Amino acid sequence: MRVSAIAGAVAALIAMGSTGATAATPRASGYGLVYDRCVASEAAQGSDAALGACLVAEGRRQDARLNEAYRATMARLDFPRQKDALRKAQRAWLTFRDASCASVADADWGRASNLDAERCRLRRTAERADELENHPYAESRPRKLYPSTP
């Protein structure tokens, strides 16, 4: 089947690209070099299925990055109320991301809208991973909200 062959070619391209030391190096966009090579490949340029496979593969990588950032942030928070607040925020964010990105895909808009939805999911996941990796209060340190008066 043509789609299986394209997906196989994209998977092979990703596997070949991931062997180099720079393959996992994040780009300015937050996506890896493997993703850049995949979407620039002849297969992805000529096929929505191959481009979709690139998006899904990078989406998995970004999702793993998000999960690791969430776990690391949770581990560094000191109090149960902080963990509960982050857990609640993460669940709300997941609901938002999924609903927001689903809103750009519709059968009446054609198959390209599915790629738009996948791009949306990828972008939002990478942005959230960035946020959690840079969480401002995820360090064990005393913090005074109001300075004491002399």
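Given a Förster distance of 25 angstrom, what is the FRET efficiency for D106 paired with D36, based on the Cβ-Cβ distance and rounded to 0.05?
0.30
Run the numbers for D116 and R91: contour at 0.36 nm per residue of separation, minus the present Cα-Cα distance, in nm.
6.7 nm
Pop the C-beta distance of D84 and Q45 into the FRET formula with R0 = 30 Å and round what comes out to the nearest 0.05.
It comes to 0.05.
Report, by chain and number, residues whose modeled amide H sits under 5 Å from the one on G32, excluding near sequence neighbours (fewer than 5 apart, same chain).
HN-HN under 5 Å from G32: R27.
So, in nm, how far is label A72 from label E133 when the simple model puts each one 7 Å beyond its Cα toward the Cβ?
So the label points at A72 and E133 sit 0.7 nm apart.
Read-outs: derived from the displayed coordinates by stated rules, not from any lab. Quick caveat, the model's predicted, so the values are computed rather than measured. Backbone-built Cβ (ideal geometry, glycine too); neighbour counts: all protein chains shown.
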